[in-house]
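Following: one structure in structure tokens, then a few remarks.
Just so it is clear, none of the values below were taken in a lab; they were calculated from the coordinates. It should be emphasised that the depicted structure is a prediction, and the values quoted were computed from it without experimental measurement. A quick note on method: Cβ atoms are made from the backbone with ideal geometry, for glycine too, and the neighbour counts reach across all protein chains shown.
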Amino acid sequence: MIEREQVLHVARLARLRLGEAEVERMAGELSGILEHVDRIGELDLDEVPPTSHVVELENVLRPDEPRPSWPRDVVLEQAPDPADGAFRVPSPRAD
Amino acid sequence: MSELLELTVAQAVARIAAGDISRAEYFETWREAAGGDDLNAYLWRAEDGVGEVEGPLAGIPVAVKDIFCTEGVETTAASRILEGYRPPYTATAVRRLAEAGAGVLGKTNMDEFAMGSSNENSAFGPVRNPWDRERVPGGSSGGSAAVVGGGLAPCAIGTDTGGSIRQPASLCGIVGLKPTYGAISRYGMIAFASSLDQCGPLTRDVTDAALLLAALQGRDPCDSTSVGIEGGVAAPSREDLAGLRFAVPAELGHDAIEPGVRAVFEATLKRIEGLGGEIAEVPLPHAEHGISAYYVIAPAEASSNLARYDGVRYGTRAEAGDVIEMYETTRAEGFGEEVKRRIMLGTYALSSGYYDAYYGRAQKVRTKIAEDYAAAFAEFDFVVTPTSPSVAFRLGEKTDDPLAMYMNDFFTVPMSLAGIPAISIPAGLAEPEGGGPQLPVGFQIAAAAFAEQRLLNAAYALEQAIGFEARPGDGDG
């Protein structure tokens with residue numbers, strides 16, 4: 001069972017602002033999903049190696065040759081608030 | 001309706017190559033058809049025709065899921081957070097199609113960031129099923145499936161993370177192929193769960209699926225996990241299934257399958273036997289834990305992949321007093337409900353104290369599922385299941401119950417976790433539970449990693465024997 005406090009903690013980690021109603025709903029929904037997921041807790045998996053990648057690959061290497069990157073103006077074109085050739089963000093601390 | 005719209009891609013390629021029809025005429029005919037979209041399936045439609053590049057897809061318009069970056073053309077993954085985003089580059093999959101002579105006909109609607117099984121999670125409204133507008137087309141590649149099933153595009157590409165090509169293909173009565181993980185480059189494909197995401201074709205028939213796969217597959221220096229398919233992909237040809245062994249999972253969970261779907265599945269097994277194929281049950285004991293493992297692994301990877309949407313470099317930004325508040329508000333306003341749910345689920349599963357119990361265990365279950373398949377493929381050529389436990393369901397029917405929605409992926413998730421290829425072909429029609437006009441039922445065939453050619457050949461033989469010719473609207477009188 002996921003408590004309200006846990007929802008708020010995880011939302012902070014994920015940088016997600018949740019409304020009051022969302023917190024309540026999320027607690028119920030996540031609990032329901034995790035209750036189903038908890039069934040894998042019954043399996044004996046002690047000696048089983050985890051799989052993070054399904055296709056066996058050796059290290060994939062390429063020559064370290066310099067290539068041109070995108071021009072700064074092309075990249076900044078998509079930025080919500082470009083300024084002085086950089087990405088501008090609000091101050092880290094509100095005044 | 002123009003007879004050009006009746007041609008399969010392979011037929012159109014031949015007619016264009018022979019000079020019977022011009023590229024411009026063919027593209028324009030499809031552009032007009034796409035303009036009649038009443039399914040909310042397109043988010044953007046091309047105004048220009050196809051170029052003059054020669055190749056195996058010369059002159060073919062392709063509908064592209066809006067998860068693929070297209071240079072200068074708005075690409076949103078059906079999310080508010082990417083509204084207005086015009087990528088400075090084009091995804092390798094789309095570029096390869098262009099190099100084969102194809103052109104982008106339009107960008108298709110989808111579940112936001114490919115998270116969903118009904119296309120109801122799009123920020124731009126749900127897509128309707130061409131067979132019944134009150135029903136969902138499936139998801140997440142719902143727009144791509146609907147345009148092909150509804151006669152708004154000759155073919156499409158989508159992405160499949162846990163069934164997002166196969167399930168909508170099944171619900172819209174078309175062919176959908178999820179290739180082996182690594183067959184096609186993921187470069188420029190907006191990431192959902194990077195260890196599972198794979199591009200693939202949605203087409204009218206198996207031959208067209210092979211034609212698109214041949215153009216799409218290959219190693220790409222921009223995606224170090226891409227390896228391509230050794231020897232390439234040829235047009236499928238096989239008339240019988242003699243000497244081939246088909247496994248039905250012993251734990252299929254017949255109770256969860258709609259009676260109409262079960263009847264079509266069983267009739268298809270009989271047809272396989274009629275073609276000389278052998279059917280036997282095989283234990284796949286961990287497949288039933290696929291949903292549990294998947295709904296830990298995919299959200300965990302998603303929570304990490306979607307951290308990049310923070311309102312700094314691209315996409316939308318909410319105004320706020322300080323930078324943390326800016327992140328939190330931008331993400332709160334930019335993401336839809338399902339995306340938030342999965343970010344929360346994934347962040348929880350990866351958080352300190354829960355990592356081993358959830359993410360660690362899920363990755364071990366993934367190993368067990370892959371081992372089950374490896375054991376099955378030591379004895380059998382293919383594993384077969386229904387693609388989806390039900391035919392297309394009603395809009396809104398499952399939106400209040402996330403877990404019920406996730407169960408749609410019951411038959412498609414295990415192959416994604418194992419990284420193996422699987423195809424859904426239309427196998428017949430069935431009445432939905434609760435009655436109503438008949439709707440398409442998909443039959444899923446899975447094969448060992450990189451056995452795409454054998455998979456396509458067998459699917460082709462079965463497709464010819466089934467002779468599925470029903471179209472949306474046939475039953476409306």
Run the numbers on chain A and let me know its relative contact order in percent, using alpha-carbon pairs under 8 Å that are six or more apart. 17
When the Cα atoms of region A:1-42 are enclosed in a convex hull and the volume is divided per residue, what value in Å³ results? 65
Which whole-Hz ³J(HN,Hα) couplings does region B:323-328 yield from phi under the Karplus relation 6.51 cos²θ - 1.76 cosθ + 1.60, θ = phi - 60°, glycine and proline marked x? 5, 5, 4, 4, 4, 5
Averaged over the residues of B:287-298, the number of partner chain Cβ atoms within 10 Å of each residue's own Cβ comes to 3
Okay, helix-only estimate at 222 nm for chain B: each DSSP H run of n ≥ 4 adds -39500 (n - 2.57), divide by all residues, round to 500 deg cm²/dmol; what do you get? -10000 deg cm²/dmol
Computed ³J(HN,Hα) along region B:208-223: with the Karplus parameters 6.51/-1.76/1.60, θ = phi - 60°, integer Hz and x for glycine or proline, the list is 5, 4, 5, 4, 5, 4, 4, 6, 7, 6, x, 6, 9, x, 7, 9
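Hey, could you get me the Stokes-Einstein D for chain B, Kirkwood radius over alpha-carbon pairs, 10 °C and 1.306 mPa s, rounded to whole µm² s⁻¹?
72
Within 10 Å of each residue's Cβ, count the other Cβ atoms and sort A:17, A:88 from fewest upward.
By the 10 Å Cβ count, ascending: A:88, A:17.
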Filter the GluC sites (Glu not before Pro) in region A:1-34 to those in DSSP coil with at most 11 other Cβ atoms within 10 Å of their Cβ, and list the result. A:3
Output for region B:256-385 (equivalent-ellipsoid semi-axes, sqrt of 5λ from the C-alpha gyration tensor, Å, descending) is 43, 19, 12
If neighbour count is taken as other Cβ atoms inside 10 Å, put B:291, B:279 in order from fewest to most. B:279, B:291
21 Å Cα-Cα threshold exceeded, pairs from B:107/B:398; B:107/B:178; B:340/B:398: B:107/B:398
Taking every residue in A:31-39, how many Cβ atoms of other protein chains lie within 10 Å of its Cβ, on average? 6
Region B:165-198 and region B:83-156: distance between their alpha carbon centers, rounded to Å: 12
Partner shielding of A:53-60, as the mean number of partner chain Cβ atoms within 10 Å, equals 6
Return P(r) of the protein assembly as shown (all Cα-Cα pairs; 10 Å bins starting at 0; whole %; ordered from short to long distances). 4, 18, 29, 28, 15, 5, 1, 0
Using only the Cα atoms of region A:15-71, what are the Rg and Dmax in Å? 21.9, 54
Give the long-range amide H neighbours of residue B:45: residues separated by 5 or more places, or on another chain, with amide H under 5 Å away, using H modelled in the peptide plane at 1.01 Å from N. B:107
Residues with amide H under 5 Å of residue B:318's amide H, sequence separation 5 or more or different chain, H placed in the peptide plane at 1.01 Å from N; which? B:330
Computed over all unlike Cα pairs, the Kirkwood hydrodynamic radius of region B:99-163 in Å stands at 11.9
DSSP loop (so not H, G, I, E, B), at most 12 other Cβ within 10 Å: list which GluC sites (Glu not before Pro) in region B:446-477 pass both filters. B:469
Relative contact order in percent for region B:321-462 (Cα pairs under 8 Å, 6+ apart) equals 23
Neighbour-count ranking [beta-carbon atoms within 10 angstrom, fewest first] of B:252, B:462: B:252, B:462
